[in-house]
Amino acid sequence: MTMKLAFSTLGVPGLPITDVVRLAAAHGYHGVELRTHPEEPVHPGLAPAERAAVTAEFERGGVEILGLAGYARVAAPGDDEPVLAEIRALLELARDLGAPFVRVLPGGGNEQSPQEADATAARRLGTAAEYAADLDVRILLETHDSHPTGADVLRVLGAVGHRHVGALWDVMHTWLRGEQPQETYAALSTYLGYVQVKDIASADDRTPLPLGSGVLPLTETVEVLSRHGWDGWLCWEYEKRWNEAAAPLPELLDAGRDHLARLLSESA
């Protein structure tokens, strides 16, 4: 396998870091994406000693921190400074934890045109990029909400033009808008930080399912990535936090790892 596998703590809401690391190590995942929010164990309010303890826990377990999944909305209407302050706090936390990536969301609102949302996002990301470069962390704009496709995200990233600002490909959102995996990869390949995989029953029922049991084009996505020699991360974002009735993620981790490994083997 040239690609590495991770899961997001969105699938194990509130779980202590010791248990998160244990799960990843026990089930053969190379890393973890940390949902970074005040209701989680990891958030920008952590003191220096707490940050050091998180880093030490991951080092002891031999598991990498893939990135911090923050909630800054870079295209949202309003003043720039609160958004930039939120991004700076995430970047500083990522530096302290040794995480290479920080996820941000578009979050463009209906109050502005797509062109205005693009300009807002590009302006803020361009400013934040300099700070990210100083800390050696990359900001990744996710295919999500107001900018769900690779083409949408590319408009913003092309305007930013900074190597410390890239893309996070969420396969559900691109699929929901009818963008094919080859099209998404073509748009984002220059900027791609990592890929979030998941599965759902349909466009109308987005309750998280075990990987391979739903409709999302995981086979095609992995095949496209493999064909182009991409060797980054596949991160399983199982949205348990928003779906209490969904099966617990820990009991699905082995099968999910095996499914991704099979896709990687078949596409090699």
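Brief remarks on what is shown
- Distant-in-sequence amide H partners of Tyr71 (H built 1.01 Å from N, under 5 Å): none
- Relative pair counts by distance (%), Cα atoms of region 1-77, 10 Å bins: 18, 52, 23, 7, 0
- Listed residue (Gly212, Ala186, Pro148) projecting farthest to the positive dipole end of region 139-230, Cβ model: Ala186
- Cα coordinate range in region 125-268, projected on the principal axes (Å, largest first): 42, 35, 30
- Cα gyration tensor shape for region 155-239, rounded if a/c is under 1.5, else prolate or oblate: prolate
- Principal axis dimensions, region 48-170 - Cα atoms, whole angstrom, descending: 48, 27, 23
- Accessible surface for region 115-268, divided over its residues, is 42 Å² per residue with a 1.4 Å probe.
- Remark: spin-label model distance Asp204-Ala56 equals 5.4 nm, labels positioned 7 Å along the Cα→Cβ axis.
- Between Tyr71 and Ala261, the contour length at 0.36 nm per residue exceeds the alpha carbon distance by 65.4 nm.
- Normalised contact order of region 186-268, rounded percent, pairs of Cα under 8 Å and 6 or more residues apart: 33 percent
- Cβ-placed point charges (K, R +1; D, E -1), dipole of region 42-91 about Cα centre in debye, nearest 20: 100 debye
- Portion, in percent, of the accessible area of the chain that falls on carbon or sulfur, probe 1.4 Å: 50 percent
- With contacts taken as Cα pairs under 8 Å at a separation of at least 6 residues, the chain carries a relative contact order of 20 percent.
- Shape parameters for region 34-90, alpha-carbon atoms, Rg then Dmax in Å: 13.4, 43
- Rounded to whole numbers, the Karplus 3J(HN,Hα) couplings from phi for region 149-166 are 10, x, 4, 5, 5, 4, 4, 6, 5, x, 6, 6, x, 10, 5, 8, 10, x Hz, using 6.51 cos²θ - 1.76 cosθ + 1.60 with θ = phi - 60°, and x at Gly and Pro.
- Packing, as the average of other Cβ atoms within 10 Å across residues, places the peptides 120-130, 247-257 in the order 120-130, 247-257, highest first.
- Environment charge at Gly161 (Cβ cut-off 15 Å; Lys +1, Arg +1, Asp -1, Glu -1): +3
The values are calculated or read from the model by the stated rules, or taken from the named source; none is laboratory data. Predicted model, so just to flag it, every value in this text is computed and none were measured. Cβ: placed from backbone, ideal geometry, glycine included. Neighbour counts: every protein chain shown. Ligands, DNA and RNA are excluded from the accessible area calculation, which covers all protein heavy atoms including side chains. Shrake-Rupley method; radii C 1.70, N 1.55, O 1.52, S 1.80 Å.
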